[in-house]
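Okay, so here's the structure we're looking at.
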Amino acid sequence: MMTLAGCSDSEVGDVSLGLFTTKDIKIDALQDPIVTGVTCHISSIEANLDLSDPSDSSIACRQTGPITAEMLEAIDKSDSGEVIFKKSKSVFFKNMKLRRIYDADSKTLIYLSYSTKETSGSYKHSLSTVPLWETLAFKKPAYYQ
């Protein structure tokens with residue numbers, strides 16, 4: 001599992017929220033460590049002078065290279081999937097995590113970005129999917145042949 005720091009090599013964007021605020025939108029590009037043909041872009045708020053960053057995040061994942069059957073063989077296929085990235089969002093143990101889950105029925109990879117601390121009565125989360133249709137990992141059902 002990869003842990004991201006505040007000024008990590010994965011940061012591809014930094015947008016200021018204004019002159020009178022210390023908050024910025026940070027955008028990280030993260031390549032799946034096992035399914036290397038998938039790249040996820042996650043945006044989140046970083047509050048430079050606060051002890052805790054807001055929990056909101058947004059995620060978009062796309063196929064950016066080959067996805068093979070061997071890659072799929074190597075991933076966790078349990079219902080809860082596996083955490084593939086983690087970023088600290090607070091000195092009080094709040095983290096933003098990225099979890100990969102495999103939906104075998106629709107042959108789709110699901111990427112879930114979520115906060116580990118409840119904020120304003122809910123856990124903040126965002127979801128993106130990468131269908132495996134027409135990738136090297138996709139096996140056509142018998143009725144397609």
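The values are calculated or read from the model by the stated rules, or taken from the named source; none is laboratory data. Just so it is clear, the model here is predicted, and its values are computed rather than measured. For neighbour counting, all protein chains shown are included, and Cβ atoms are generated from backbone atoms with ideal geometry for every residue, glycine included. Remember, those area values only see protein heavy atoms, side chains included, never the ligands or the DNA or RNA. Shrake-Rupley method; radii C 1.70, N 1.55, O 1.52, S 1.80 Å.
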Query raised in the report: Restricting the search to the range 100-137, which residues are surrounded by fewer than 18 Cβ atoms within 10 Å (Cβ to Cβ), modelled with pLDDT of 90 or more, charged (D, E, K, R) and within 24 Å of Ala29 (Cβ to Cβ)?
Result: Asp103
**Report entry** First in the range 1-17 and part of a loop (DSSP other than H, G, I, E, B), second anywhere and modelled with pLDDT of 50 or more and open to solvent by 40 Å² or more (accessible area, probe 1.4 Å), Cβ under 6 Å, 6 or more apart
**Finding:** Leu17/Lys23
Report summary line: If we keep only residues of the range 21-47 that are open to solvent by less than 10 Å² (accessible area, probe 1.4 Å), part of a strand (DSSP E or B) and not aliphatic (A, V, I, L, M), then the residue nearest to Ser57 (Cα to Cα) is Ser44
Requested in this report: Considering each of Ser52, Ser8, Ser16, Ser44 in turn, give the residue that is among the hydroxyl-bearing types (Ser, Thr, Tyr) and either under 24 Å from Val130 (Cα atoms) or modelled with pLDDT of 90 or more (or both).
Outcome: Ser44
**Report entry** Residues located in the range 82-99, provided they are open to solvent by less than 20 Å² (accessible area, probe 1.4 Å) and either at pLDDT 90 or above or assigned to a strand (DSSP E or B) (or both)
**Finding:** Ile84, Phe85, Lys87, Ser90, Met96, Leu98
